[in-house]
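One structure follows; several queries about it will come next.
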Amino acid sequence: MFPVAAQEGTMGSGIDLFHTILEADHGDDLNTFGIGLRYQYFFNDQLRLDNGVNIAFEKKDINTWNTFAEIEYLIPAGTIYVYPLAGVMYGSIKQRHSDIGRETSFGFNFGGGVDIPVAYALTFNAEAKYSTCKYDDYDVKYSLLFSAGFIYNF
């Protein structure tokens, strides 16, 4: 099963790759890929805090990053766990060769994910989440983020 999730105070740390779709008025040219780092803390066997940072690879001179903190409720489904998530995020966007400066925004995240144990302390993790974060100067109304990676539980 998932031996480390059943212990209060268990922690995990991991890395993932993500794809963000930034919905803008002028098309999908703000969609980015990147790398994320995360830290998890289990309050009990079903409730955990997940927080981290996502840094996007530069695309069309645009740099973005965000940091997040979310609460996740794990629901066992056989040998895997599915979970809804809700939290907050703070992000930043900047186009290098533009008159528009760096813009930051605060928003809320909603979504879900799945944890699949692959070894004793290693879990495959995949998520999809919607963020209300918007950047007026870049015409970004919201974003969708899809991520997949591995968590080492200790």
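Here, each number is a calculation from the coordinates, and none is a lab measurement. Being a predicted model, the structure only gives us computed values, none of them experimental. Note that we place each Cβ from the backbone using ideal geometry, even for glycine, and neighbour counts take in every protein chain shown.
Relative contact order for the stretch 20-61 using alpha-carbon pairs under 8 Å, separation at least 6, rounded to a whole percent? Mind dumping the intermediate values first?
Numbers: 52 pairs, mean separation 14.5, N = 42.
With pairs under 8 Å counted, the relative contact order is 35 percent.
With charges set only on the Cβ (+1 for Lys and Arg, -1 for Asp and Glu), what does the dipole of the stretch 3-153 come to about its Cα centre, in debye to the nearest 20? List each step's numbers first, then the result.
Working: 10 positive and 19 negative charges, 49 e Å.
My answer is approximately 240 debye.
For ASN63 and PHE106, calculate 0.36 nm times their separation in residues minus their Cα-Cα distance, and state this gained length in nm to one decimal.
13.8 nm
Quick one: order ILE75, ILE21 by neighbouring beta-carbon count within 10 Å, fewest to most. Please list the in-between numbers first.
Details: ILE75 12, ILE21 15.
In increasing order of surrounding Cβ atoms, one gets ILE75, ILE21.
With springs connecting C-alpha atoms under 10 Å apart, model the chain as a Gaussian network and identify which of GLY78, GLY87, GLY112 has the largest mean-square fluctuation.
In the Gaussian network model the winner is GLY78.
Would you mind ranking VAL140, VAL82 by Cβ crowding within 10 Å, fewest neighbours first? Write down the numbers at each step before the final one.
Details: VAL140 21, VAL82 13.
Fewest to most other Cβ atoms nearby, the residues stand as VAL82, VAL140.
Right, another one. Of TYR90, HIS19, LEU49, which is farthest along the charge dipole of the stretch 3-153 in the positive direction, counting Lys and Arg as +1 and Asp and Glu as -1 at C-beta?
Farthest along the dipole direction, towards plus: LEU49.
Kindly put ASP115, ASP136 in sequence by how many other C-beta atoms sit within 10 Å of each C-beta, fewest to most.
Values: ASP115 25, ASP136 9.
Least crowded to most crowded, the residues run ASP136, ASP115.
Over the stretch 16-154, calculate the relative contact order: mean separation of alpha carbon pairs under 8 Å at least 6 apart, over the residue count, as a percent.
Working: 373 pairs, mean separation 30.2, N = 139.
Here the relative contact order equals 22 percent.
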